[in-house]
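The values are calculated or read from the model by the stated rules, or taken from the named source; none is laboratory data. This is a predicted model, so every value here is computed, not measured. Counting neighbours? That spans all protein chains shown, and the Cβs are built from the backbone with ideal geometry, glycine included.
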Amino acid sequence: MKCRDYIFQLTSGQLEDAGTATQIAAWQHRMVCFRCRAFTRNDQALQGLLKGYSEHIQAPQHPAAKPADK
Ligand SMILES: [Zn+2]
């Protein structure tokens, strides 16, 4: 597996759905290629940030508070 293939599969999400052979190849590539290892870490950190952000912007807004009965 080449860096280009690895990055493409990772960023397109194909790696998650890939078969065992591809996942092993990806794992082996990460073991030998520090650039892709660093990229994977950054990508996962970014995914985490984006996920948190999308949950933040999709969270329902608090409805306007009704006047409380006294
Ligand atoms: Zn690589």
Answer yes or no as to whether Lys66 is farther than 19 Å from Met1 by Cα, among the basic types (Lys, Arg), exposed (fewer than 10 other Cβ atoms within 10 Å of the Cβ) and out of contact with any helix residue (DSSP H, G or I) (no Cβ under 8 Å at 6 or more places or on another chain). yes
Complete set of residues in segment 19-70 that are within 16 Å of the ligand (Cβ to nearest atom) and among the β-branched types (Val, Ile, Thr): Thr22, Ile24, Val32, Thr40
Log entry, pairs with first residue in segment 1-28 being modelled with pLDDT under 95, second being surrounded by 14 or more Cβ atoms within 10 Å (Cβ to Cβ) and small (Gly, Ala, Ser), beta carbons closer than 6 Å, six or more apart or on different chains, reads Met1/Ala25; Leu15/Ala26
